[in-house]
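K.L.:
Quick one: structure below, then a few questions.
The values are calculated or read from the model by the stated rules, or taken from the named source; none is laboratory data. Note that the structure is a prediction, hence the values are computed from the model and not measured. Cβ placement follows ideal geometry from the backbone for every residue including glycine, while neighbour counts extend to all protein chains displayed. Accessible surface areas use protein heavy atoms only, side chains included; no ligands, DNA or RNA. Shrake-Rupley method; radii C 1.70, N 1.55, O 1.52, S 1.80 Å.
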Amino acid sequence: MAVTTEDQQHGLTAHSHGAGAPVTSRADHFTSFDVNAFEVPGGREEIWRFTPMKRLANLHNGAEATGTATVEVTAAEGVAVETAARGDERLGTAGTPGDRVAAQAWSSFTEATVVTLPGDAKSEPTTITVTGPGAGQVAYGHLHVHAKPFAEGVVVIDHRGSGAYADNVEFVVGDGAHLTVVAIQDWADDAVHVSAHHAKLGRDATFKHTVVTLGGDVVRLTPVVTYTGRGGDAELLGLYFADAGQHLEHRTFVDHAVSNCRSNVVYKGALQGEDAHTVWIGDVLIRAAAEGTETFELNRNLVLTDGARADSVPNLEIETGEIEGAGHASATGRFDDEQLFYLQARGIPEEQARRLVVRGFFHEILLKIGVPEVRERLEAAIEAELEAVGA
Amino acid sequence: MATLEIKDLHVSVNTEDGAKEILKGVDLTIKAGETHAIMGPNGSGKSTLSYAIAGHPKYEITSGSVLLDGEDVLEMTVDERARAGLFLAMQYPVEVPGVSMSNFLRTAATAVRGEAPKLRHWVKEVKEAMSDLDIDPAFAERSVNEGFSGGEKKRHEILQLGLLKPKIAILDETDSGLDVDALRVVSEGVNRYKGSSEVGVMLITHYTRILKYISPDFVHVFAAGRIAESGGPELADKLEAEGYVKYIGKQEAASIG
Ligand SMILES: Nc1ncnc2c1ncn2[C@@H]1O[C@H](COP(=O)(O)OP(=O)(O)OP(=O)(O)O)[C@@H](O)[C@H]1O
Ligand SMILES: [Mg+2]
């Protein structure tokens, strides 16, 4: 068994929290489809303590839907797209809401969208565009993506527009299937998005899940991965860029309850501007039965200006000694002046040098996304973020 | 004809215990075509001198001046200095993850030359320059200096010297960490550039061994933040034999073995 940890802390406003076992075990985390089973959170609760509750448009406090989000699917050949009513037995099979907003979304959505990738076949990328209900409006939604056994394909979920939106997104990855997902949060400045992703991986399934969060006033995303058979392999990647006033929160949870599965979590974020705030919570639970687990998680934050704050909390809980390897690392640093100096000493103007360094910082994630169209768009989006402040 | 004039340069570094003066009045003039070896014991301030000239933000110039062809270098930003024709091959080159060597080199060449080099010529130029320094072409796709060995980093510094073609080159312990073969390859790289241009070179070193490959016109002994003695190549021979004892009051060799 190999357990490695690495914690570094730089920068006055960077906060790296003690790693190791959380106060309460992740195994005891409460889940329910019933919104009333959850108390209305006040903000002091462990899972809400970083979230600015006042800016949630009451999604946590019974806000009624006043509008709808538009869901458009550009499906690849062979990929089935349906709408499903509440009660459809496929819905809710990938996971159970783990907080009040997810449970609220579950009980409030009007119509779910179900996307099915054909089994034993390779399909071209499918894009699901979700447009918010509009400024001042509230909407709930539900997406269900099913990759049948030995399916191979890519699903891009593109969020844009205004308003408050809470949803559950399910990924059922069948035995031997390879599903790549890219979820882009490119919201308008006012948007509030609270989203629970539930992935259930079959035997020998691989799941590559990339989250890219750029826009929105508050975005809180909770990807959860569970395994139902041996050989499951989950790669959770994240890239976020917070500007002044934005709160971008990502809470990953990988639940290793089955033996011989793998997980790798890599989230990287950049922050710039007054009160830009990012939160990354990385929970990994290796249950007693999960022998031969291999897991690693990493979060890196690049603080580009004063007044920004990055919280980073890796939690690795291990209930068995028989693991392949487990580790985590978390680091939050100021912009590296030595890198800047080196590039400038070669004649590269400061602005351009900064951009090179930030692009370089995200490069690893962009490379791993593996969907060329998406990568180009993201490179352009990062460029735009950097230009916005003249960094 | 480029000239770098350093006059009565005083430099401090900010430490936790306040500012600490490291350079205590350095005077030195380097003209095009000349090679000046700066030799001194550990901690004497050689790197501080090179960083101060290049404009590293950690070092504060408290008095004195640095002029390049009469222009005030100290008024320039780091990148302006480089574009004005100054080049510093660093003792410890910096790793820049995620930025490929080829992207970096092209961006730097574009900045220094004032226009993007024509792609076709550029590819050929880089390829040849790499091969001259025995650098595997695969390095072009690796991140700048990331995971490079000490010797590989130094080769890439000299690669940049050849591609960026400065008027004045400061080579800070380019010889350190090099084995015999690498020292030869790197020295040949420096000599090739010297032969093709009228560059003025400040060759900083602790040991005399690189001077067997790159012959200096002048040798300066650097001790306690200033030039303690200047002379011709014969001064290096003296240091080789006697070490730095005369300058620092204790034995520190300038030769190996
Ligand atoms: N950032 C810094 N903080 C504190 N002290 C510093 C700093 N930079 C340099 N110094 C000190 O200044 C002095 C000169 O350092 P410098 O690196 O210029 O020496 P050097 O002659 O290049 O030595 P070497 O032969 O080891 O490369 C040393 O005493 C060093 O500890
Ligand atoms: Mg030095």
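K.L.:
Pick from A:ALA80, A:ALA112: which is on the phi < 0 side of the Ramachandran plot and either buried (at least 18 other Cβ atoms within 10 Å of the Cβ) or within 20 Å of the chain's Cα centre (by Cα) (or both)?
P.N.:
Values: A:ALA80 fails: either buried (at least 18 other Cβ atoms within 10 Å of the Cβ) or within 20 Å of the chain's Cα centre (by Cα) (or both).
Step by step, each of A:ALA80, A:ALA112 is checked, and only A:ALA112 is on the phi < 0 side of the Ramachandran plot and either buried (at least 18 other Cβ atoms within 10 Å of the Cβ) or within 20 Å of the chain's Cα centre (by Cα) (or both).
K.L.:
Quick check on region B:149-168. Is at least one of its residues away from chain A (no Cβ under 14 Å), assigned to a loop (DSSP other than H, G, I, E, B) and either free of Cβ contacts under 8 Å to residues at least 40 places away in the same chain or within 16 Å of ligand 1 (Cβ to nearest atom) (or both)?
P.N.:
Yes, because at least one residue in region B:149-168 is away from chain A (no Cβ under 14 Å), assigned to a loop (DSSP other than H, G, I, E, B) and either free of Cβ contacts under 8 Å to residues at least 40 places away in the same chain or within 16 Å of ligand 1 (Cβ to nearest atom) (or both).
K.L.:
Next question. Restricted to region B:81-105, and to residues that are over 27 Å from B:ALA32 (Cβ atoms) and open to solvent by 30 Å² or more (accessible area, probe 1.4 Å), which residue is nearest to the other protein chains (Cβ to nearest Cβ)?
P.N.:
B:PRO97
K.L.:
List pairs: first in region B:43-64 and within 7 Å of ligand 1 (Cβ to nearest atom), second part of a helix (DSSP H, G or I) and of a type in the set (D, E, K, R), Cβ under 6 Å, 6+ apart or cross-chain?
P.N.:
Within 6 Å, no pair qualifies.
K.L.:
So the check is Cβ under 8 Å with 6+ separation or different chains; which pairs have a first residue in region B:228-243 that's without any contact (Cβ under 8 Å) to a residue 40 or more places away in the chain and a second one that's open to solvent by less than 60 Å² (accessible area, probe 1.4 Å) and among the polar types (S, T, N, Q)?
P.N.:
B:ASP237/B:THR208; B:GLU240/B:THR208; B:GLU240/B:SER255; B:ALA241/B:SER255; B:GLY243/B:SER255
K.L.:
Given the conditions (1) in a strand (DSSP E or B); (2) within 16 Å of ligand 2 (Cβ to nearest atom); (3) more than 21 Å from A:ARG354 (Cβ to Cβ), and given that B:LEU49 satisfies all but one, which numbered condition is not satisfied?
P.N.:
(1)
K.L.:
Follow-up question, since we're still on this one. On the basis of being more than 16 Å from the chain's Cα centre (by Cα), open to solvent by less than 20 Å² (accessible area, probe 1.4 Å) and more than 14 Å from chain A (Cβ to nearest Cβ), does B:ALA182 make the cut? Steps first, please.
P.N.:
Details: more than 16 Å from the chain's Cα centre (by Cα): yes; open to solvent by less than 20 Å² (accessible area, probe 1.4 Å): yes; more than 14 Å from chain A (Cβ to nearest Cβ): yes.
Yes.
K.L.:
Condition test on B:ALA116, is it more than 16 Å from ligand 2 (Cβ to nearest atom), at negative phi, part of a loop (DSSP other than H, G, I, E, B) and open to solvent by 30 Å² or more (accessible area, probe 1.4 Å)?
P.N.:
Values: more than 16 Å from ligand 2 (Cβ to nearest atom): yes; at negative phi: yes; part of a loop (DSSP other than H, G, I, E, B): yes; open to solvent by 30 Å² or more (accessible area, probe 1.4 Å): yes.
So B:ALA116 passes the test.
K.L.:
Quick test for you: out of B:VAL201, B:VAL221, pick the one residue that is in contact with an Asp or Glu (Cβ under 8 Å, 6 or more places away or on another chain), farther than 18 Å from B:LEU183 by Cβ, open to solvent by less than 10 Å² (accessible area, probe 1.4 Å) and part of a strand (DSSP E or B). I'd like the intermediate steps shown before the answer.
P.N.:
Details: B:VAL201 fails: farther than 18 Å from B:LEU183 by Cβ.
It is B:VAL221.
K.L.:
Go through (1) in a strand (DSSP E or B); (2) polar (S, T, N, Q); (3) over 20 Å from the mean Cα position of the chain (by Cα) and name the single condition B:GLN251 misses.
P.N.:
Going through (1) in a strand (DSSP E or B); (2) polar (S, T, N, Q); (3) over 20 Å from the mean Cα position of the chain (by Cα) one by one, B:GLN251 breaks only (1).
K.L.:
Moving on to the next point. Mind checking which residues of region A:59-77 are open to solvent by less than 70 Å² (accessible area, probe 1.4 Å) and of a type outside the set (Val, Ile, Thr)?
P.N.:
Across region A:59-77, the qualifying residues are A:LEU59, A:HIS60, A:GLY62, A:ALA63, A:ALA65, A:GLY67, A:ALA69, A:ALA75, A:ALA76.
K.L.:
Do the conditions hold for B:GLY33, that is, is it within 14 Å of the chain's Cα centre (by Cα) and on the phi > 0 side of the Ramachandran plot?
P.N.:
Values: within 14 Å of the chain's Cα centre (by Cα): no; on the phi > 0 side of the Ramachandran plot: yes.
Answer is no for this residue.
K.L.:
Oh, and also: Just to be sure before I move on: is B:TYR193 within 16 Å of ligand 2 (Cβ to nearest atom) and either closer than 27 Å to B:GLY151 by Cβ or in contact (Cβ under 8 Å) with a residue 40 or more places away in the chain (or both) in the structure I sent?
P.N.:
Values: within 16 Å of ligand 2 (Cβ to nearest atom): no; either closer than 27 Å to B:GLY151 by Cβ or in contact (Cβ under 8 Å) with a residue 40 or more places away in the chain (or both): yes.
Criteria not met by B:TYR193.
K.L.:
Can I ask one more? What number goes with the only condition from (1) modelled with pLDDT of 95 or more; (2) assigned to a helix (DSSP H, G or I); (3) more than 14 Å from chain A (Cβ to nearest Cβ); (4) open to solvent by less than 20 Å² (accessible area, probe 1.4 Å) that B:ALA108 does not pass?
P.N.:
So B:ALA108 meets the others, but not (3).
K.L.:
Hey, among the residues in region A:323-367 that are open to solvent by 50 Å² or more (accessible area, probe 1.4 Å) and under 14 Å from A:LEU239 (Cα atoms), which one's farthest from the other protein chains (Cβ to nearest Cβ)?
P.N.:
Among those that are open to solvent by 50 Å² or more (accessible area, probe 1.4 Å) and under 14 Å from A:LEU239 (Cα atoms), it is A:LEU367.
K.L.:
From (1) more than 13 Å from chain B (Cβ to nearest Cβ); (2) under 28 Å from B:ALA109 (Cβ atoms); (3) under 18 Å from the mean Cα position of the chain (by Cα), pick out the condition that doesn't hold for A:ASP311.
P.N.:
So A:ASP311 meets the others, but not (2).
K.L.:
Quick check, is A:VAL219 over 15 Å from A:ALA290 (Cβ atoms) and surrounded by 23 or more Cβ atoms within 10 Å (Cβ to Cβ)?
P.N.:
Working: over 15 Å from A:ALA290 (Cβ atoms): yes; surrounded by 23 or more Cβ atoms within 10 Å (Cβ to Cβ): yes.
For A:VAL219, the condition - over 15 Å from A:ALA290 (Cβ atoms) and surrounded by 23 or more Cβ atoms within 10 Å (Cβ to Cβ) - is met.
K.L.:
When you check B:LEU239 against the structure, is it over 15 Å from the mean Cα position of the chain (by Cα) and part of a helix (DSSP H, G or I), yes or no? Reasoning before the result, please.
P.N.:
On the way: over 15 Å from the mean Cα position of the chain (by Cα): yes; part of a helix (DSSP H, G or I): yes.
Yes.
K.L.:
Then there's this: If the Cβ limit is 6 Å and pairs must be 6+ apart or interchain, which residue in region B:198-224 that is without any contact (Cβ under 8 Å) to a residue 40 or more places away in the chain pairs with which residue that is open to solvent by less than 10 Å² (accessible area, probe 1.4 Å) and hydroxyl-bearing (Ser, Thr, Tyr)?
P.N.:
Every condition considered, the pairs that remain are B:TYR213/B:SER187.
K.L.:
Scan region B:162-179 for residues that are within 16 Å of ligand 2 (Cβ to nearest atom) and open to solvent by 60 Å² or more (accessible area, probe 1.4 Å) and jot them down.
P.N.:
Answer for region B:162-179, where residues must be within 16 Å of ligand 2 (Cβ to nearest atom) and open to solvent by 60 Å² or more (accessible area, probe 1.4 Å): just B:GLY177.
K.L.:
Taking the options B:ALA37, B:ALA19, name whichever one is assigned to a strand (DSSP E or B) and open to solvent by less than 10 Å² (accessible area, probe 1.4 Å).
P.N.:
Numbers: B:ALA19 fails: open to solvent by less than 10 Å² (accessible area, probe 1.4 Å).
Exactly one residue qualifies, and that residue is B:ALA37.
K.L.:
If B:GLU188 satisfies all but one of (1) over 20 Å from B:GLU5 (Cα atoms); (2) open to solvent by less than 10 Å² (accessible area, probe 1.4 Å); (3) more than 15 Å from ligand 2 (Cβ to nearest atom), what's the number of the condition it fails?
P.N.:
The one condition B:GLU188 does not meet is (2).
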